[in-house]
Structures are given as C-alpha cells and as structure tokens.
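See structure below.
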Amino acid sequence: MPLFAILAGCLLVYIIHLVRRRNLGLEHSLVWILLGIVGMAFSLFPNGVTIMANLLGIKYAPNLAFGLAIAILAIIVLQLTLWTSLLSARVIKVIQCLGLSSDISDRINLKEDLKKKEEE
C-alpha cells in the first residue's frame, strides 16, 4: 500500500475523531474528508491521474495534481475568509449590544442613586 494512501487514511481517521469530539464543525470537516478520499483514490489508482489529465488535455499529469491542490486551497481560503467576515459582523453587533446595555444599566444606577440622595 502506498505511503500516501496510509497518510490519507490517517487524515480521515483524525478528522472523524475531531468531529466526534466536536473540535471541528461538520461544515468544515466535509472538505477535509473529501480531500482524504480523493487523495486515497489517487494514491491507490495512480493511472487515474494520468487518465484524467489526458481527458482534460493536460500534457503532464502532475500538473493536474498541483492545479487541483491550488484550487482546493483557494476554496478553503475563501471559505475561511467568509467565516471571518461573518464572525466580525457578529462581534460588532455583540459589542454594540453590550455598550447599549451597559449604558442603560449606568442610567438605571444613576436614577437609583438620585432617588437615594433625595430620600436622605
């Protein structure tokens, strides 16, 4: 069994372990599971890369592998950028809500302090 197939299998087991422990969300794990399966398939059937390269008109088969790797990494970066933007917007909303709630609590405390001073 080729070394890369063993590594891909280990990646799959580790990703499933992370999902079961809830350290990795299911939406993020799907990409990595797919990568592990594709990597295992390509390592077990190396002629598949050559056949796919010929079908796509690519003269040198490893260029297909590098092109796929670059495309997959670009998709992962885009996904992480989208998540970062979403979380940044959520953090801004939380900070604004906390600011408003602390302002309201300050006003309530001020009113209570004024009432206590008037009673004295």
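Quick notes on this one:
- Low-density loop cleavage sites - chymotrypsin sites (Phe, Trp or Tyr not before Pro) in segment 1-102, where at most 11 other Cβ are within 10 Å (DSSP): TYR60
- For the chain, radius of gyration divided by Kirkwood radius, i.e. Rg to Rh on alpha-carbons: 1.41
- Relative contact order %, the chain, counting alpha carbon pairs below 8 Å whose residues are six or more apart: 18
- Here is what passes the span test in the chain: the DSSP H helices with alpha carbon length of 15 Å or more along the helix axis and a Kyte-Doolittle mean of 1.6 or above are 3-20, 26-44.
- Distances between placed amide hydrogens fall under 5 Å for LEU24 paired with VAL19, all partners being 5 or more residues away or on another chain.
- Trypsin sites (Lys or Arg not before Pro) restricted to segment 1-109 and DSSP loop, no more than 12 other C-beta within 10 Å: ARG21, ARG22, LYS59
Read-outs: derived from the displayed coordinates by stated rules, not from any lab. This one's a predicted model, so the numbers in the text were calculated from it and none came from an experiment. Here Cβ is always computed from backbone atoms with ideal geometry, including for glycine, and neighbour counts include all displayed protein chains.
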